[in-house]
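The structure appears right after this line, and notes come after that.
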Amino acid sequence: MEKIGKNLIELMEKKGISQIELSRKAGITQRQLWNIIHGKVKDVRYETLQKLARGLEVKVSDITGETEEIQREKKLIESQKEKIKRFLDQITEIEPVHKPLKPIPVYGRIPAGRPRETWNELVEDYINIPDAPDNAFALKVSGDSMIGAGIEDGDIVIIVPGGDVFNGDIVIALIDGSEFTLKRLIKQDNMVILQPANDNYKPILFTEEQARERLQILGVMIGIYRKIKRARSSDILQN
């Protein structure tokens, strides 16, 4: 900063401007200007340098002794720092929202493969989910036909029964009143399709008339619950 102070003194003498007049033209206090001239400011903001340059009718590089390219880089860095600071300030102002957990019953397994009769009416377990609808329930996935949709064998899917079903929803479907399956529901060209998300499985096709007679949608998937398996003691990495 000593270089900036020296350059400012030389420029003020050359322009015949006093410190009081320069501080007025630049829109900064006399104390600020004195601190800059005497090297008391560790890092002079680019915005302040621009004000001083306008007051002296010179370029910023005339004050700093640096090239305009370096000054542009410093301005960009300073701008990025300001954006980060504003972002962090906004984050600290946001109050965390603590949503109450609600126990959801897990009834058994749902095939994510070929349809099977595997829905257990007895509650096997409970999982705690925030903001779950009152009528939500859960089923454990068996199979890999929906792996392309991020649903793996052993995952627990959260289901809401009834309500609207939209084209593309992942649903629990009951076929012929006896077989259950987890698939994506697609309506296309007068056809109703239970579409897997794995090329190893074929879609299940119905005409609209067949769907009315043979297909019942029992619920729509709204989420996935997954437990992560920890490494065994033999898998622990040694330093």
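Of everything in region 180-194 that is surrounded by fewer than 17 Cβ atoms within 10 Å (Cβ to Cβ) and in contact with a Ser or Thr (Cβ under 9 Å, 6 or more places away or on another chain), the residue that is farthest from ALA112 (Cα to Cα) is ASN190. If you check LYS40, LYS25 for being outside any loop (DSSP other than H, G, I, E, B), assigned by TED's automatic domain parsing to the domain that holds LYS59 and either surrounded by 12 or more Cβ atoms within 10 Å (Cβ to Cβ) or not basic (Lys, Arg) (or both), only one passes: LYS25. Which one is nearest to GLY177 (Cα to Cα), of the residues in region 193-231 that are of a type in the set (Val, Ile, Thr) and touching a residue at least 60 places away in the same chain (Cβ under 8 Å)? Top of the filtered list is ILE204. If you go through region 125-153 and pick out every residue that is assigned to a loop (DSSP other than H, G, I, E, B), in contact (Cβ under 8 Å) with a residue 40 or more places away in the chain, under 16 Å from LYS183 (Cα atoms) and not acidic (Asp, Glu), you end up with 4.
Can you give me the number of residues within region 86-104 that are closer than 30 Å to ASP125 by Cβ, at pLDDT 75 or above and either assigned to a loop (DSSP other than H, G, I, E, B) or out of contact with any strand residue (DSSP E or B) (no Cβ under 7 Å at 6 or more places or on another chain) (or both)? Total satisfying the criteria: 1.
The values are calculated or read from the model by the stated rules, or taken from the named source; none is laboratory data. Small disclaimer: the values here were computed from a predicted structure and weren't measured. Reconstructed Cβ throughout: ideal geometry from the backbone, glycine too, with neighbour counts over all protein chains shown.
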